Each structure stands twice: as structure tokens, then as C-alpha cells.
Amino acid sequence: MGKILVVDDERDVQTLIMQRFRRAVRAGELEFLFAHDGQEALATLRARPDIDMVLSDINMPGMDGLTLLDHLPQVNADIRAVMVSAYGDLGNVRAAMNRGAFDFIIKPIDFADLEATIHKTLEACRAVRHLRDALQETRTAEAASRAQAARMRRVLDGSPIGVAILTEAGELLYCNQRCTDLFGVAADTLHQHCAPTLFRHVQDRLPNREAETVTLSASDEIHYLREDGHTVWMAMSVDRTNYENQPVFIVWLYDITERKIQAEALRRAKDSAEQALADLERMQSDLIRAEKMAVIAQMITAVAHEINTPVGIALTAATHLQTASEAIILTFNGGQLRKSDFQDYVGTASEVSTLLVSNIERAAALIQSLKLVTEGKASSPRSRFDLRDYLSDIVLAVQVQPAASRHRLVLDCPDGIALDTYPGALTEVLLALLTNAFAHAFETEPAVAAAAEDVAVGAMAGGIEGSEERMDGGPSRRGRVEVSVRLLDHERIELCVSDDGRGIPAEIQPRLFQPFATSRRGSGNMGLGLYATFNLVTGKLGGEIDIDSTPGQGTTVFLRLPLDAP
């Protein structure tokens, strides 16, 4: 809607205008306000700043129309004035136009011309206002952009990531504080010395690329030798974009120096560890095959301890014998050798030799036992055999052992079950389980209470652990051991070795299959029986092994084996 202020001292003008534009007024297209002199017009304009144009006579009492033109800019700079006067001489027209009139209409009024002039003036007013609003929006946007740029610059300056902006010619337009920290120089020096190096890395990663936007992975790594002698490693990514109306590269630099230092430290630690474990390399390689138990680290620690003890004792004894030998040689060469000196030396040599032999034999036994754990006697060829006949032979062989003679050994196996597997490996497993059952399940309290913890101590072909008599010579109660077999399905069997002995303490059960878990190391046991059994069952035989034991009610070992070994 256009709002028009009509200023004229003739009252009839108001009636004529309202009559002429009544349709536009009713339709809401135009709104007319009226004043009768310049002073009244200025008051109305101040009260109604939304008035679009003024239609004013020149000759009026009080303030005339030309004087009103002089005051309009102070009241509303955007308003447009059209002068209406019966004096249409060139002097009045020029005076009105020079004072800011938008147009001039000569009385008597031609209403068609007046209507056209009103529409033209209102269009000009709207255009001016649109232009002013657009200009204001532009200024607001520019101010917001400048504020955003300032905020962005503050963010970048405080960013932990280095940021640099390079032109396509290699000129450094901007770098934040982190960037100067990474290169270890001031910003002006960075422009001179570091910018070419940075731009060279950008060119190396953007050869012959014409795309508007190119992003490189932050995995592109660069290193820079600072003036203070320190090497800085940075992961670099690059964006190609426009900045200040020119194509530029935005380079993002991520400090990865600490990560590189840690990686190098880890590499050196790894090399050191590999060198320290060179003597155990073959053993470690074998144990990796049994990593289902995740005990490789424990195995290495235990092996080192077990080997170091006898070897250390043997080395000390050998050093002592060497010292005694050098002393006796000096005495002999000096012609001062006495019978008592020789007798002392012979006694020392005899004792040290015995100590050397026992500890070297202990180390050799440990190494041999470890070999049995990883390789065992499971190298016998694969064959197909009847399971009942095979188990009958095993039971017969075990029954003749002294530890089993005082107890009952029962076999429960249906006829007609044939296995295609490795009998040597299965023999080792069964001998270990049966021998341990007779050795540990039926000892009476308090003979060796901790022996229950040593159920992991197994028997390996001629070296069965835990089969000795009680240390105090006391009697062991009569017990029952059963070997039973049942078919699980058409592909597997379940072979159980169960006893009605004392059972295994609950706190020991979670680590039954761990190596070197024994409380009888002082008696020569190494705690490798069930660990070796586990390796054979899960490896060579391709099966599974579980143990169910309740203290005071006995123990059952479950072997689930395939009819055809893998």
C-alpha cells in the first residue's frame, strides 16, 4: 500500500482526491493523509514515518511548499515530493527541482496525469527502499563476514593443528601460531625459509591436478629439521580452495613427533627382546601353536627361570673348581704340593663334579621335558584301530604299575568303535591322565595336601611325574578309576577318565592347563603334564579336553575326539 500526504490549503482538493481515488482507497492500494500548511505537514511526517510521498502545493499560508522541501530530508530522507502549483513557469519548476522535488504538476490538475505521477513516484520510493534494504543487508553481511573471519582467525590461532595458506605460486598468505611452533621459527622467518619447503611437499602430492578441490590423506607424512637440531614429524593434508578471490592451498599439519618417538622406542624394545629371547626361539615357535591358552608369555618367563637356576649353580661350581685347580697347579709347580693339599683338592673336585652333573642333568631333563611338551612321542604314524582292544592294552599296562596295584581300574567301552587317528599321541594322553589319577587322587591327608594343585604334573613315557610313594610312608585309601567311552554322534566320541578321589581344590582349577603349574618343583616335578596333554588333544588328535572336579567327590577328565583325526 502506498501512503501519500497531500499538503494544500484548499479544502476542496481533499474532496476531489478522495473522490477520484476512492476505488484504490477501498481496495487498500492507496492511503491519503492531508495537511493544510508546511508546519502541519512536518508534524504529520514525524508522526507517520511510513509515508511514502508528499503531494504539496507551493503557495500556502505559514510555511510554503518550497520551504517544506528544504525540511523534508531532516524528517525522512527516503520520502519523495511532487509539487502541485498553478504557477508552472520555469523559475518555479527549477526552484522546486533544485530543492529536491521528484516531479512537478501544473494546476488545473489532470487526474490521469496525477495518477500516473503517483504510481511512478511510489515505484521510485519502493525501488529506493529496496536498494537501501539491500545495501543494509550487504553491509550487515560484510560486517558478519568480517566478524566471522576474525573469529575464525582467533580459532585457528588457538588451534593445536598447524594451518598455512599458500598461493599456487608458493606465497605464504597465512600461518597460525601452531604452525610457527612446529617449525620453531617466527612468522616472518617462516615466510622466507619454511614456506618453500612446505610448498614443495604440496607440489609433490599434487602433480598435474586440475580439480577445483583436492583433499589429501593425513597419512602423508613429512619431517622437518628445525634450526635447533630437532626433527619434527608431521602428518599433512591439503585442501585446494579459494581465498580472497584467488585459488590457494590450505595445508593442515598434525604433529606426530611423539608418536614417531614412541614407535621407534617400541621398535628398539622389540629388537632388544628378540635378541634376549634368541636362545628360546625354537621353544617359543613351538608354543605359538598352542596359543589358544594365551600363556606364551608365562611359558617364556618360567622357562628362563627354570633353566637359569641349574645353569647358574653349575656355572658357580665350575668357577669354584677352576679356582681350586689353578691353586693346586701353582702349588705343584712351586714344588710345595703336600698330600693334604692334594687330598683337599680331590675332595673339592669330587663334590663339585657331583654338583655339576646333578645340575646339568636337571637342565637337560628340563629341556627334554619341554621337548616332550611341544613334540611328545606323538610322531608314531596314523592308523585305524579298534578302540576297545586298544584301551584294554592301555589298562593292562597301567594296572601292573605299583601306584595302581592298590586300586581298581575299570574299562567301560562298547564294541565296534574304530578310530582313525594317532595311537602314539593317544597313548601319551591316557598314560598321563591315569598315572596322575593314581598318584594324586587317593593320597590321604595330610600327606602332601598341595599335591592336588599339581594335577597338571603328567606322565610322559618313562618320565611319569608324581608316581612316587608318600613321603611319610603312610597308607593311601583304596580307590576306583574308570575309563569310559560313549558315542556323541556319527563323527565324535567322548572318552572319560574319572576317579572317586579327593578332587581338585576350586582355586587351582582355573589354571590346570597352564605350564609349570606345580607345587612339587623341589621333588623334581616340572608341572608340564596337563599342558602337554592339552597340546596333544587339541593339536595332534584334533579334539577337546575339559575337567570337572568337586573337592571330596572326585575328578573327571572329558576327551571329545573325532573318529577321523584331521
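Before moving on, here are some points about what is shown:
- Computed from phi, the 3J(HN,Hα) profile of the stretch 425-438 under the Karplus parametrisation 6.51, -1.76, 1.60 (θ = phi - 60°) reads 5, 5, 4, 4, 4, 5, 4, 4, 5, 5, 5, 5, 4, 5 Hz, with x in place of Gly and Pro.
- Ordering ALA27, VAL82, LEU66 by the projection of their Cα atoms onto the charge dipole of the stretch 18-90, which places +1 on the Cβ of Lys and Arg and -1 on the Cβ of Asp and Glu, puts ALA27 at the extreme positive end.
- Apportionment of accessible area to carbon and sulfur, the stretch 99-199, percent (1.4 Å): 56
- With the simple spin-label model, which puts each label point 7 Å out from Cα in the Cβ direction, the ILE360 to LYS339 separation comes to 3.2 nm.
- The stretch between GLU491 and ASP9 holds 161.6 nm of extra length on full extension. This uses 0.36 nm per residue minus the Cα-Cα distance.
- Among the trypsin sites (Lys or Arg not before Pro) within the stretch 218-274, those in coil by DSSP and having at most 13 neighbouring Cβ atoms inside 10 Å are ARG226.
- Those GluC sites (Glu not before Pro) in the stretch 27-86 that DSSP places in a loop and that have at most 15 other beta carbons within 10 Å: GLU29
- Across the stretch 68-83, coupling constants 3J(HN,Hα) worked out from phi with the 6.51/-1.76/1.60 Karplus curve, θ = phi - 60°, read 4, 4, 5, 8, 4, x, 6, 8, 8, 6, 8, 6, 10, 10, 10, 8 Hz, and Gly and Pro carry x.
- Mean sequence separation of contacting Cα pairs (under 8 Å, at least six apart), scaled by the length of the stretch 6-64, corresponds to a relative contact order of 47 percent.
- The stretch 1-155, relative contact order in percent, only Cα pairs under 8 angstrom and at least six apart counted: 19
- Residue-level accessible surface for MET97, protein heavy atoms, 1.4 Å, Å²: 80
- Computed with a 1.4 Å probe on the full set of protein chains, the accessible area for HIS130 sits at about 120 Å².
- Its Cα centre serving as origin, the stretch 79-197 has a Cβ charge dipole (Lys and Arg +1, Asp and Glu -1) of approximately 380 debye.
- In the context of the full protein assembly, ILE256 retains an accessible surface of approximately 10 Å², using a probe radius of 1.4 Å and ignoring ligands and nucleic acids.
- Look at the Cα gyration tensor of the stretch 1-130: its axes a ≥ b ≥ c give a/c under 1.5, and that counts as rounded.
- Within the stretch 72-178, chymotrypsin sites (Phe, Trp or Tyr not before Pro) in DSSP loop having at most 14 other beta-carbon neighbours inside 10 Å: TYR87
- Amide H contacts of LEU411 (H built 1.01 Å from N, under 5 Å, at least 5 apart or other chain): VAL483
The values are calculated or read from the model by the stated rules, or taken from the named source; none is laboratory data. All figures in this text were calculated on a predicted structure; none of them were measured in a lab. Quick reminder, even Gly has a Cβ in these numbers, built from the backbone with ideal geometry, and neighbours come from all protein chains shown. Please note that ligands, DNA and RNA were not included when accessible areas were found on the heavy atoms of the full protein model with its side chains. Shrake-Rupley method; radii C 1.70, N 1.55, O 1.52, S 1.80 Å.
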